[in-house]
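The values are calculated or read from the model by the stated rules, or taken from the named source; none is laboratory data. Because the structure is a prediction, the values reported are computed rather than measured. Note that each Cβ is placed from the backbone with ideal geometry, even for glycine, and that neighbours are counted across all protein chains shown. Side chains included, ligands, DNA and RNA excluded: accessible areas come from the protein's heavy atoms. Shrake-Rupley method; radii C 1.70, N 1.55, O 1.52, S 1.80 Å.
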Amino acid sequence: MPVQVVDGIEIHYVETGGGGTTLCLVHGAGGNAQVWMRQLEGLAAAARVIALDLPGHGESKGDGRRRIEDYARVVRGFIRAAGLGPVVLGGHSMGGAVAQTVALEHPELLAGLVLVGTGARLRVLPRIFELLASDYAEGCAFVNVLGFSRAASQALKDGARAAMLGTRPSVTIGDFAACDAFDVMPRVGTIRAPVLAICGEDDQLTPPKYAEFLATKIPGARLLLVEKAGHFVQLEQ
């Protein structure tokens with residue numbers, strides 16, 4: 001994987017495709033860039049597709065963050081350091097919170113937003129914190145059960161669980177703490193970039209009403225609800 005140094009930290013990323021449009025993708029809590037493997041493959045003919053590992057995740061160095069604003073600062077720095085220019089910024093779950101924050105604070109960096117399985121507020125089930133702190137493997141399994149529809153293959157579930165297990169517990173717990181504190185509901189309506197909000201109809205972690213709120217409040221936003229898909233809609237369908 002290539003590396004881009006941001007604030008002295010090596011940020012690893014995967015890149016495919018080419019062309020005039022650059023799509024930059026940000027993963028969710030406890031995850032890594034591989035959550036976008038289907039988009040890296042399937043969209044390469046249409047755009048330059050870049051998926052990064054946030055600090056402390058995947059192959060990136062450094063520690064995780066406990067605030068969405070701090071992850072947004074990293075993504076903003078990555079876009080600038082890599083000289084990407086205005087990008088279509090896509091984010092899944094926590095990554096969607098990061099993308100919204102970048103859009104609110106630095107709209108000049110964006111040509112558009114793709115918000116996947118996310119919301120303008122991301123409250124986390126207390127049980128997730130309890131399990132991650134007491135038995136990390138059990139906590140990862142619990143998130144995994146909630147993360148996929150019944151139609152998802154076991155291979156997809158196993159891959160997502162392995163990714164979270166490969167992330168340090170302190171990083172994943174910090175990610176969920178960042179999500180739990182995130183709330184831009186009063187501000188999200190000021191976003192003016194073109195927005196596509198995507199959600200699996202069977203999403204139990206960020207239900208369709210979250211995406212419907214985004215599509216209603218952000219002027220001109222489009223909504224896409226995907227059948228037979230849960231929270232990891234971009235992997236399932």
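I'm trying to understand the selection: among the residues of segment 1-47, which are assigned to a strand (DSSP E or B), within 23 Å of ALA103 (Cβ to Cβ) and open to solvent by 70 Å² or more (accessible area, probe 1.4 Å)? GLU15, the sole residue that qualifies.
Taking the criterion of being of a type in the set (A, V, I, L, M) and over 22 Å from VAL145 (Cβ atoms), the residues of segment 195-237 that qualify are VAL195, LEU196, ALA197, LEU214, ALA215, ILE218, ALA221, LEU223, LEU224.
Specify which of the listed residues (ARG150, ARG121, ARG168, ARG187) is at pLDDT below 95 and surrounded by fewer than 21 Cβ atoms within 10 Å (Cβ to Cβ). Result of the check over ARG150, ARG121, ARG168, ARG187: ARG150. The residue that is nearest to PHE182 (Cα to Cα), among those in segment 1-38 that are in contact with a helix residue (DSSP H, G or I) (Cβ under 6 Å, 6 or more places away or on another chain) and among the polar types (S, T, N, Q), is ASN32. The condition of being in contact with a helix residue (DSSP H, G or I) (Cβ under 7 Å, 6 or more places away or on another chain) and in a loop (DSSP other than H, G, I, E, B) holds for only one of ALA193, ALA197, that being ALA193. Evaluated against (1) closer than 14 Å to ALA120 by Cα; (2) in a loop (DSSP other than H, G, I, E, B); (3) of a type in the set (Gly, Ala, Ser), ALA229 falls short on exactly one condition, (1). I'd like to check something: does segment 88-107 contain any residue that is among the charged types (D, E, K, R), open to solvent by 10 Å² or more (accessible area, probe 1.4 Å) and within 19 Å of PHE182 (Cβ to Cβ)? Yes, because at least one residue in segment 88-107 is among the charged types (D, E, K, R), open to solvent by 10 Å² or more (accessible area, probe 1.4 Å) and within 19 Å of PHE182 (Cβ to Cβ).
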